[in-house]
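The values are calculated or read from the model by the stated rules, or taken from the named source; none is laboratory data. Keep in mind the model is a prediction, meaning the values are calculated, not measured. Methodologically, a virtual Cβ is constructed for each residue, glycine included, from the backbone with ideal geometry; neighbour enumeration extends over all protein chains shown. Just so you know, the surface numbers come from the protein's heavy atoms only, side chains and all, with ligands and any DNA or RNA stripped out. Shrake-Rupley method; radii C 1.70, N 1.55, O 1.52, S 1.80 Å.
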Amino acid sequence: MTASDGAQAVTEETANNKPAPRSRADRTKAPKPMFGERTLLPMGEMAILLGQVLWSAVRHPRGYWGSVRDVMFDALKLCWIPLTISTVAFGFGAPGLQGGNIYLLFGIPERLGSFFVMASVREFAPWINAMIVAGVVGAAMTADLGARRVREEIDAMEVLGVDPIRDLIVPRVIGVTLITGLLDLVALTFGVIGGYLASVPVLGASTGAFLANFYANATLPDLWGSVLKTTMFGLIIGVVCCYKGLHAKGGPIGVGKAVNQAVVISFAMIYITNFLFTAILLGLNPDMQVYK
């Protein structure tokens with residue numbers, strides 16, 4: 001074999017082992033974003049959006065209250081039925097029957113009234129309220145704003161000199177914040193009703209003893225803490241869902257992804273806020289942990 005034949009064989013072998021050329025989609029594929037870009041950057045942008053909403057609402061506190069009223073009314077229509085059913089069912093089933101059976105072992109089912117101060121007022125009523133508002137109202141807000149974004153309606157507003165933060169975001173954030181706090185009163189009432197149904201008709205406690213134990217342990221910090229915490233949940237839902245709607249892209253599929261991300265992020269932030277708020281509230285009011 002001559003030297004030219006050997007060189008030709010090496011060339012053919014190299015050509016056979018040459019990797020296949022990448023497609024245009026592979027060459028143009030964007031690199032995967034880092035953790036900070038996926039998590040920290042959106043959190044900072046949400047904080048900026050919150051600041052813009054508060055600045056716009058405080059600087060010119062007129063002209064948007066009619067839209068706030070409409071947002072609150074629509075949220076009330078969508079949420080009050082699932083909220084009442086969920087709180088009664090949850091109060092009757094989980095803390096009602098399960099907790100009541102434990103008290104029944106000791107012959108004190110009427111003490112379930114004091115237990116519901118912790119179970120309903122502090123915890124599950126605000127939590128269920130926030131979950132329903134995020135899943136119903138928050139998802140609808142994200143879908144509406146995302147559809148406006150992909151149809152370039154928001155871009156057209158900016159070109160025409162109309163502030164989308166003022167006209168679209170401020171009424172939604174304020175309306176969801178206020179109605180979530182007010183719906184907490186409904187959730188508290190029906191949550192306690194669920195516990196009453198488990199304690200009195202099912203477990204045989206007396207109505208007077210159940211109510212006496214409830215009011216003996218219910219404190220003012222319990223009530224205002226529950227409403228304040230739920231109002232904070234509403235603010236979180238409004239900001240997160242509006243942010244995801246404003247930054248939706250990719251057509252209808254992108255809007256669907258934005259809705260899913262908005263609800264999941266709202267849930268996660270609600271869990272974290274609930275833990276921190278309850279820990280701080282109980283730390284500042286240690287007498288709330290003493291049952292009478």
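From K249, K257, grab the single residue that is basic (K, R), part of a loop (DSSP other than H, G, I, E, B) and either open to solvent by 30 Å² or more (accessible area, probe 1.4 Å) or in contact (Cβ under 8 Å) with a residue 24 or more places away in the chain (or both). Even if it seems obvious, please write down each step before you answer.
Working: K257 fails: part of a loop (DSSP other than H, G, I, E, B).
Within the list K249, K257, the selection yields K249.
Restricting the stretch 221-235 to residues that are under 16 Å from the mean Cα position of the chain (by Cα) and without any contact (Cβ under 8 Å) to a residue 60 or more places away in the chain, which is nearest to Q52 (Cα to Cα)?
Checking each candidate, the answer is M232.
Any chance you could count how many residues in the stretch 281-291 are assigned to a helix (DSSP H, G or I) and surrounded by fewer than 12 Cβ atoms within 10 Å (Cβ to Cβ)?
Going through the stretch 281-291, the residues assigned to a helix (DSSP H, G or I) turn out to be 281-284, 286-289.
Add one more test, that the residue is surrounded by fewer than 12 Cβ atoms within 10 Å (Cβ to Cβ), and what stays is 283-284, 286-287, 289.
Residues flagged as assigned to a helix (DSSP H, G or I) and surrounded by fewer than 12 Cβ atoms within 10 Å (Cβ to Cβ) within the stretch 281-291 amount to 5.
Would you please list the contacts, defined by Cβ atoms under 7 Å and residues six or more apart or on different chains, that run from a residue in the stretch 40-66 that is closer than 20 Å to G245 by Cα to a residue that is surrounded by 11 or more Cβ atoms within 10 Å (Cβ to Cβ) and among the basic types (K, R)?
S56/R166
Only one of (1) open to solvent by 30 Å² or more (accessible area, probe 1.4 Å); (2) among the β-branched types (V, I, T); (3) touching a helix residue (DSSP H, G or I) at 6+ places or on another chain (Cβ under 6 Å) is not met by V162, so which one is it?
Going through the list (1) open to solvent by 30 Å² or more (accessible area, probe 1.4 Å); (2) among the β-branched types (V, I, T); (3) touching a helix residue (DSSP H, G or I) at 6+ places or on another chain (Cβ under 6 Å), V162 breaks only (3).
Just to be sure, is F233 at pLDDT below 95 and not basic (K, R)?
Numbers: at pLDDT below 95: no; not basic (K, R): yes.
Taking the combined requirement at face value, the residue does not satisfy it.
Would you mind listing the helices (runs of 4 or more DSSP H) fully within the stretch 104-220 where at least 3 residues are at pLDDT 90 or above and farther than 26 Å from L50 by Cα?
Working: elements: 112-116, 125-133, 139-150, 153-159, 170-197, 207-217.
Where helices (runs of 4 or more DSSP H) fall fully within the stretch 104-220 and carry at least 3 residues being at pLDDT 90 or above and farther than 26 Å from L50 by Cα, they are 170-197.
I'd like to know if the stretch 226-234 contains one or more residues that are within 22 Å of P42 (Cα to Cα) and of a type in the set (G, A, S).
Yes, there is a match, as at least one residue in the stretch 226-234 is within 22 Å of P42 (Cα to Cα) and of a type in the set (G, A, S).
Taking the condition surrounded by fewer than 17 Cβ atoms within 10 Å (Cβ to Cβ), in contact with a Gly (Cβ under 7 Å, 6 or more places away or on another chain) and farther than 16 Å from V88 by Cβ, does L203 pass?
Details: surrounded by fewer than 17 Cβ atoms within 10 Å (Cβ to Cβ): no; in contact with a Gly (Cβ under 7 Å, 6 or more places away or on another chain): yes; farther than 16 Å from V88 by Cβ: yes.
Spelling it out, it is not the case that L203 is surrounded by fewer than 17 Cβ atoms within 10 Å (Cβ to Cβ), in contact with a Gly (Cβ under 7 Å, 6 or more places away or on another chain) and farther than 16 Å from V88 by Cβ.
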